[in-house]
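Only the coordinates and a few stated rules stand behind these numbers; no lab work does. Small disclaimer: the values here were computed from a predicted structure and weren't measured. With ideal geometry, Cβ positions are generated from the backbone for all residues, glycine too; neighbour counts draw on all protein chains shown.
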Amino acid sequence: MSFSVGQVAQLSGVTVRTLHHYDEIGLLSPTGRTAAGYRVYRNADLARLRRILFYRELGFALDEIATILADPDVGSHLRRQHKLLRERIARLSAMVAAVEKEMEAQQMGISLTPEEQFEIFGTDNPGGEWAQEAEQRWGDTDAYRQSTRRTATYGKDEWRAIKAEADAGLRDFAEALRCGVPTDSPRAMDLAEAHRRYISRWFYDDVAPGLARYVHDAITANADRAAT
């Protein structure tokens, strides 16, 4: 098939001026020309343009791309592209994770430097999905805004204490589960009460007295509804 410079520009998203420039520097010269002198591109030209655009996307200069494409080994191009894409994916994944961690910290109102966050939380998720759900459900309420303002005042020591207490509570719950302790036993209920006091002290009841109990009752009612 043959394509005009305008058709190639439309297919690739590259401007006609850019295609003219690529031709002028010898990076992408069309296979032929019409009797009137207009550029005519073939499938092989489009394949070369795709490789050019790939390396441009990765930040290579045009002279570097020309050197790369001078290698006639197509297989080496594919292997190089695969390697570069894998490396770029890894970098982007790391960037996404860092941004998500910062977003979650903001949702939690964690007023810590990135270094302090990593020191305290490590690779754990400081807030995670429940924080997002809480914002979706109650983000427009005064209670949520007051709670966020309160947690925003917590410093390094407070967050360290919060995490230590939360970790201890989870370990106790996990141990009870491993031992087969019934959920309605005094031991399990004591653990639940300790957890209620934990969230009351750090997050809820300073916003509104009884809010922790209210949240607990709402969670229980929702579980009962799901069971039916």
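Label separation (Ala90 vs Asp184): 5.4 nm, computed from points 7 Å beyond Cα along the C-beta direction. Measuring nothing but alpha carbons in segment 1-104 and taking Rh as the Kirkwood radius, the Rg to Rh ratio lands at 1.10. Counting charges near Phe173 (Lys, Arg +1; Asp, Glu -1) among other residues having Cβ under 15 Å from its Cβ returns a value of -2.
Counting alpha carbon pairs within less than 8 Å and at least 6 residues apart, what relative contact order, in whole percent, applies to segment 1-50?
Relative contact order of segment 1-50: 40 percent.
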